[in-house]
1. Could you list all residues from region 53-99 that are out of contact with any Pro (no Cβ under 9 Å at 6 or more places or on another chain), hydroxyl-bearing (Ser, Thr, Tyr) and either on the phi > 0 side of the Ramachandran plot or modelled with pLDDT of 90 or more (or both)?
2. Quick one: count up the residues across region 1-30 that are free of Cβ contacts under 8 Å to residues at least 60 places away in the same chain, outside any strand (DSSP E or B) and not small (Gly, Ala, Ser).
3. Taking into account only those residues within region 31-79 that are touching a residue at least 60 places away in the same chain (Cβ under 8 Å) and not in a loop (DSSP other than H, G, I, E, B), which is nearest to Pro7 (Cα to Cα)?
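The values are calculated or read from the model by the stated rules, or taken from the named source; none is laboratory data. All values reported here derive from a predicted model rather than from experimental measurement. We place every Cβ from the backbone using ideal geometry, glycine too, and count neighbours over all the protein chains shown.
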Amino acid sequence: MATVFIPPLMQSLTDGQTTVEVAGSTVREIINNLEEIHPGTKERLVDKFRMKSNISVAVDGEVTPIGMLEKVGENTEVHFLPAIGGGVSAPREETPRSPRTGY
């Protein structure tokens, strides 16, 4: 079974457990089986048929771009993490323009 690491904000759904052993061969199966054991967890992770946009999933230490389709092995570690956006770069200082040329 895979070891699922439960984020602190979801531990109230798992009776305070920080990790849970869950069967499944994909992240989708892991989430569905986790929901059977600890109701309410799927609602926190999934929007319709996809991972919520504010959640990333890491399988064996690698954030996966395919989310719920990612394969999961027998001794896999699964982490649900807050997604990190790209952010906004600081505005550039404008270079003073030449009054004659405008450049």
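1. Of the residues in region 53-99, the ones out of contact with any Pro (no Cβ under 9 Å at 6 or more places or on another chain) are 53, 57-78, 83-99.
Filter once more, so that each one left must be hydroxyl-bearing (Ser, Thr, Tyr): 53, 64, 76, 89, 95, 98.
Hits for region 53-99 are Ser53, Thr64, Thr76.
2. Initially, region 1-30 is screened for residues free of Cβ contacts under 8 Å to residues at least 60 places away in the same chain, giving 8-9, 11-30.
Now restrict to residues that are outside any strand (DSSP E or B): 8-9, 11-18, 23-25, 27-30.
Pick out the ones that are also not small (Gly, Ala, Ser) and you get 8-9, 11, 13-15, 17-18, 27-30.
Of the residues in that region, 12 qualify.
3. His79
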